[in-house]
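Worksheet for the structure shown next.
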Number of protein chains: 6
Amino acid sequence: MDKKKGIYIGRFSPFHNGHLESIKNILTQVDEVIIVVGSAQLCYQIQNPFTAGERITMIKLALEEEKIDKSRYMIVPVPDVDAHHKWVSQIIAYVPRFDVVYSNGSLVKYLFKQRGISVNEIPFFKRESLSATNIRNKILKRADWRTLVPENVYKFIEEIDGVNRIRELNKTDEE
Amino acid sequence: MDKKKGIYIGRFSPFHNGHLESIKNILTQVDEVIIVVGSAQLCYQIQNPFTAGERITMIKLALEEEKIDKSRYMIVPVPDVDAHHKWVSQIIAYVPRFDVVYSNGSLVKYLFKQRGISVNEIPFFKRESLSATNIRNKILKRADWRTLVPENVYKFIEEIDGVNRIRELNKTDEE
Amino acid sequence: MDKKKGIYIGRFSPFHNGHLESIKNILTQVDEVIIVVGSAQLCYQIQNPFTAGERITMIKLALEEEKIDKSRYMIVPVPDVDAHHKWVSQIIAYVPRFDVVYSNGSLVKYLFKQRGISVNEIPFFKRESLSATNIRNKILKRADWRTLVPENVYKFIEEIDGVNRIRELNKTDEE
Amino acid sequence: MDKKKGIYIGRFSPFHNGHLESIKNILTQVDEVIIVVGSAQLCYQIQNPFTAGERITMIKLALEEEKIDKSRYMIVPVPDVDAHHKWVSQIIAYVPRFDVVYSNGSLVKYLFKQRGISVNEIPFFKRESLSATNIRNKILKRADWRTLVPENVYKFIEEIDGVNRIRELNKTDEE
Amino acid sequence: MDKKKGIYIGRFSPFHNGHLESIKNILTQVDEVIIVVGSAQLCYQIQNPFTAGERITMIKLALEEEKIDKSRYMIVPVPDVDAHHKWVSQIIAYVPRFDVVYSNGSLVKYLFKQRGISVNEIPFFKRESLSATNIRNKILKRADWRTLVPENVYKFIEEIDGVNRIRELNKTDEE
Amino acid sequence: MDKKKGIYIGRFSPFHNGHLESIKNILTQVDEVIIVVGSAQLCYQIQNPFTAGERITMIKLALEEEKIDKSRYMIVPVPDVDAHHKWVSQIIAYVPRFDVVYSNGSLVKYLFKQRGISVNEIPFFKRESLSATNIRNKILKRADWRTLVPENVYKFIEEIDGVNRIRELNKTDEE
């Protein structure tokens, strides 16, 4: 029998504990999850400070830390298209065949449903603290953010001097 | 100690036994290989009949068939850029950190070396028969091509009716 | 003697009674009007919820409802260019030959005049209520908007479930 | 009851008697035909010498010459996308809703069928002489081409000095 | 011995006395300066009202007015890329070889340093008044701005009716 | 009285003695020449092996070698556009105001004339040997090419190891 496969779409800027909980939740519903690193071309912006390669690394390190079975997930970067009507086709072309989409984004849900593809919501997990925006803000304010991301993600961001990067990009934003 | 990582760049249209031998060879030299599916945006063309998602699937199925340790490889699609001078930066942004590039392509080698990045050649394996062009031609001529690709790749191409697709795309080319 | 032709440029998101009045007004001045659906690539955004195809349909239905002579207008979608200096050339290439431009937009007027092409203003018709922004806002607030658009446009938006679309896209905007 | 609508896709470089026959044929099968001027951005090339606006004009003039009911057709230019997997979505977004596609192009047929959309072939009409390539070649060789296109198209190409344009573009090709 | 060369990157919308002071300062440190007109594709926007050609002309006129030795500078327009990771490669490809970058922009500094290229800051000169934003605002308010730019730049902006252009573009912004 | 200015458009891959003769010839007809480095984005291709920055450097070195007055020329790189109808607007936006275009290219001449801009031809100088294609071929065949380019251009190409680059790019072409 064919395996059931889902895709989970995010920007992961950075990958945090809420994303991890979502993936664990999705893995209770499907055999395999394809984690789509959206807006793959964006980087070095205050809202998207990390490259696709760095975001892939964060996800890989976090899932290894959790000892999640490597045969149950894939990570695929997908760049944006220049107009929303091409976006579902872009996803379909870049990722292996899937049965269902997991997302809480209204536009994502709207576009896939319109194309006749199943979309499931994912329960939010500590939504106020566990958002990428909140974490980037905490980094900027030098507030504690270590507990909000998997330990491996914390170490990786330290290793690539990501905190300093976010602060420099924020200055740019203010210029 | 940090793991040594290499990237192996191809278009994999389709993935064949020569690609598989190269990956095995690379894995004798590095701890991990990142397999870059280049020209990811191309598909439904006679020279690039398969989508990035389909090419990722072929590679995944072939490496599972060979029982290669999943912690030793990743597959990352990367779309082309509109000018060669941006290409190395594109690769660096889309894939996790790497130490060395494996390629036999002259332009690939030239561009990475110019950027100061190590490039290793890979011994060719039965080059005359094991080329994607040759395999697409055999498919067009209804000649035997099953032995030239991993069995899982053969089955996948059958499953998605890839033979018919290549024949239809070839008509387009002649129009 | 050659017919006098004008172009009328808008985004028509959605097409409303103010647009209709403008077209009637323009048709008192020229033999034929080419209605340019600008930013044709945009869709599924809160400010541009409808595809070019849907906007073309709205205009067609509205002009049929008014029984305007079909030999006196054409509808042509034109996508944006990535820099303003190419925009007049884009319009000239996409539409049949024309003599005069009808627009109230300052940039549109500036760019065409600079190129030596005549631009005429159009008297506004109930400008406060008859703006696409106002209509989208009324839809969001479930206020009455039916009287602001031609009856055929109202029915078409209902038929494609456009009200729900605008509400979903608005959520995205708030995310 | 809803009208049946078809789309007919071509590049029309230039519009000739074969295209005209196809449109008449299609109009025996559907209530309305949407004529899609494909590769709308291309122009001033030896294979695509005319702008989208000029191609729209040719089609309009030809159908007026034939006195075809204006309520039974629309003409819509659509620019290319940068990858084939986005092309069907591009067409769907740019044109009003349609039921069936008319085309003899293998790729067009393949892509629409794969998306689950009906595609009908159109009987060719004097295929050897009635091809845009043949007509452009005749123009280059100063051979007779007037009989191959509707009289209005011939006059329009003369009016915009199209013969000279094709000859100049051909020189460029040889440079 | 090889000459020391620096690049100085700006948008110069418009070129003002602060830019001029920076160039003089840089010329005390290097033999030649390459002045990069960034975002070269932008124009006819309220924040970038002038074309690259107009911005080049302003710089040329200002440096001629100051009688700066023509063998000590070049002016090179460079268009933006669609993602920050490609930007340093874009600059390197568009300009002659250089040794050091002069910039006060945080992102510019970050991206070049990350690539291992030296970046020097430039002392600001009357920063509050000498900013392009301030000068465009003064033009809008019909306040005195003549003393903030080189006399040749003032005359050139008058000659191309730039004041009126900025006012027209500002209306667009408010529409 | 205003100076008369001309633009001279080429790709300069590489800059050779024929280009130099053309510039000298143009300078007998105008006060200033703006040398447009076309297709500025292309590089590392067998037909366009050099970056825009390298091509600018070649022209600068060659004109310095000839001791041509620096106040009589400028060098401006201009990237291609994606459709010919935008190209004249692209040139106009990227370069300072000019009165006349110098070119022998049929398409260039056609597009500028159509826009109402004067175009002058330039007498060819030893056309068979002095073409960039011929020079790249001589480099590939290790035939003598030193005498076909200004001495400074020869030295610069040697300095950047351009001969090896052209040979490597040629292999790519054959792969």
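The values are calculated or read from the model by the stated rules, or taken from the named source; none is laboratory data. Quantities reported herein were computed from a predicted structural model and do not represent experimental measurements. Cβ placement follows ideal geometry from the backbone for every residue including glycine, while neighbour counts extend to all protein chains displayed. Heads up: the accessible areas ignore ligands, DNA and RNA and are worked out on the full protein's heavy atoms, side chains in. Shrake-Rupley method; radii C 1.70, N 1.55, O 1.52, S 1.80 Å.
Checking the conditions here, which among C:G105, C:G162 is open to solvent by less than 40 Å² (accessible area, probe 1.4 Å) and farther than 24 Å from C:N25 by Cβ?
Of C:G105, C:G162, the one residue that is open to solvent by less than 40 Å² (accessible area, probe 1.4 Å) and farther than 24 Å from C:N25 by Cβ is C:G162.
Tell me which residues, restricted to segment F:53-77, are within 8 Å of chain E (Cβ to nearest Cβ), hydrophobic (A, V, I, L, M, F, W, C) and not in a helix (DSSP H, G or I).
Within segment F:53-77, F:M74, F:I75, F:V76 qualify.
Just checking, which of D:Q45, D:Q41, D:Q90 is within 14 Å of chain A (Cβ to nearest Cβ) and part of a loop (DSSP other than H, G, I, E, B)? If you could, list the steps in order and put the result at the bottom.
Numbers: D:Q45 fails: within 14 Å of chain A (Cβ to nearest Cβ); D:Q90 fails: part of a loop (DSSP other than H, G, I, E, B).
After ruling out the rest, the residue left standing is D:Q41.
Quick one: count up the residues across segment D:95-109 that are in contact with an Asp or Glu (Cβ under 7 Å, 6 or more places away or on another chain) and over 27 Å from C:I75 (Cα atoms).
1
With respect to B:V36, determine if the residue is closer than 24 Å to A:V37 by Cα, away from chain E (no Cβ under 14 Å) and touching a Phe, Trp or Tyr at 6+ places or on another chain (Cβ under 8 Å). Spell out how you get there, then give the answer.
On the way: closer than 24 Å to A:V37 by Cα: yes; away from chain E (no Cβ under 14 Å): yes; touching a Phe, Trp or Tyr at 6+ places or on another chain (Cβ under 8 Å): yes.
So B:V36 fits the description; yes.
Which of the residues spanning segment C:20-37 are open to solvent by 10 Å² or more (accessible area, probe 1.4 Å), under 18 Å from C:V153 (Cβ atoms) and free of Cβ contacts under 8 Å to residues at least 60 places away in the same chain?
Scanning segment C:20-37 gives a single hit, C:K24.
Condition test on E:D80, is it touching a Gly at 6+ places or on another chain (Cβ under 8 Å), of a type in the set (D, E) and within 14 Å of chain B (Cβ to nearest Cβ)?
In short, yes.
Would you be able to tell me the number of residues in segment D:1-15 that are on the phi < 0 side of the Ramachandran plot and open to solvent by less than 10 Å² (accessible area, probe 1.4 Å)?
5
Please verify whether segment E:135-156 includes one or more residues that are within 12 Å of another protein chain (Cβ to nearest Cβ), surrounded by fewer than 20 Cβ atoms within 10 Å (Cβ to Cβ) and at pLDDT 90 or above.
Checked against the condition, which is being within 12 Å of another protein chain (Cβ to nearest Cβ), surrounded by fewer than 20 Cβ atoms within 10 Å (Cβ to Cβ) and at pLDDT 90 or above, segment E:135-156 yields no hits at all.
Collect the residues in segment D:125-175 that are polar (S, T, N, Q) and over 14 Å from D:H19 (Cβ atoms), keeping them in residue-number order. Please lay out each step first, then the result.
Going through segment D:125-175, the residues polar (S, T, N, Q) turn out to be D:129, D:131, D:133-134, D:137, D:147, D:152, D:164, D:170, D:172.
Correct list: D:N137, D:T147, D:N164, D:N170, D:T172.
Which of the residues spanning segment C:102-120 are more than 8 Å from chain E (Cβ to nearest Cβ) and not in a loop (DSSP other than H, G, I, E, B)? Step through it out loud before you land on a result.
Initially, segment C:102-120 is screened for residues more than 8 Å from chain E (Cβ to nearest Cβ), giving C:102-104, C:108, C:112-120.
Once the filter is applied, which keeps residues that are more than 8 Å from chain E (Cβ to nearest Cβ) and not in a loop (DSSP other than H, G, I, E, B), segment C:102-120 yields C:Y102, C:V108, C:F112, C:K113, C:Q114, C:S118, C:V119, C:N120.
Take the residues of segment D:112-155 that are touching a Phe, Trp or Tyr at 6+ places or on another chain (Cβ under 6 Å) and in contact (Cβ under 8 Å) with a residue 12 or more places away in the chain: which is nearest to D:F98 (Cα to Cα)?
D:V119
Specify which of the listed residues (D:T28, D:T51) is modelled with pLDDT of 95 or more and closer than 24 Å to C:S89 by Cβ.
Step by step, each of D:T28, D:T51 is checked, and only D:T51 is modelled with pLDDT of 95 or more and closer than 24 Å to C:S89 by Cβ.
Out of segment D:110-134, which residues are closer than 30 Å to D:L169 by Cα and either open to solvent by 30 Å² or more (accessible area, probe 1.4 Å) or among the β-branched types (V, I, T) (or both)?
Within segment D:110-134, D:F124, D:F125, D:K126, D:R127, D:E128, D:S129, D:S131, D:T133, D:N134 qualify.
Can you find a residue in segment E:11-25 that is part of a helix (DSSP H, G or I) and of a type in the set (V, I, T)?
Yes, segment E:11-25 contains at least one residue that is part of a helix (DSSP H, G or I) and of a type in the set (V, I, T).
Give just the number: which of (1) buried (at least 17 other Cβ atoms within 10 Å of the Cβ); (2) away from every other protein chain (no Cβ under 12 Å) does E:D99 not satisfy?
Every listed condition holds for E:D99 apart from (1).
Within the set of pairs 6+ apart or on separate chains, which have a first residue in segment D:69-88 that is more than 19 Å from B:R165 (Cβ to Cβ) and open to solvent by less than 10 Å² (accessible area, probe 1.4 Å), a second that is in a loop (DSSP other than H, G, I, E, B) and β-branched (V, I, T), and C-beta atoms under 9 Å apart?
Once the first residue is more than 19 Å from B:R165 (Cβ to Cβ) and open to solvent by less than 10 Å² (accessible area, probe 1.4 Å) and sits in segment D:69-88, its partners that are in a loop (DSSP other than H, G, I, E, B) and β-branched (V, I, T) give D:V76/D:V95; D:P77/C:V78; D:P77/C:V95; D:V78/D:V95.
Inspect all residues belonging to segment D:56-64 and state whether any of them is over 19 Å from C:K3 (Cβ atoms) and of a type in the set (S, T, N, Q).
Checked segment D:56-64: no residue is over 19 Å from C:K3 (Cβ atoms) and of a type in the set (S, T, N, Q).
Among the residues of segment D:39-52, what is the count of those that are surrounded by 24 or more Cβ atoms within 10 Å (Cβ to Cβ) and touching a Phe, Trp or Tyr at 6+ places or on another chain (Cβ under 9 Å)? It would help to see each step written out before you state the result.
Within segment D:39-52, the first condition is being surrounded by 24 or more Cβ atoms within 10 Å (Cβ to Cβ), and the residues that meet it are D:40, D:49-52.
Checking the rest, the ones that are also touching a Phe, Trp or Tyr at 6+ places or on another chain (Cβ under 9 Å) come to D:40, D:50-52.
The total comes to 4.
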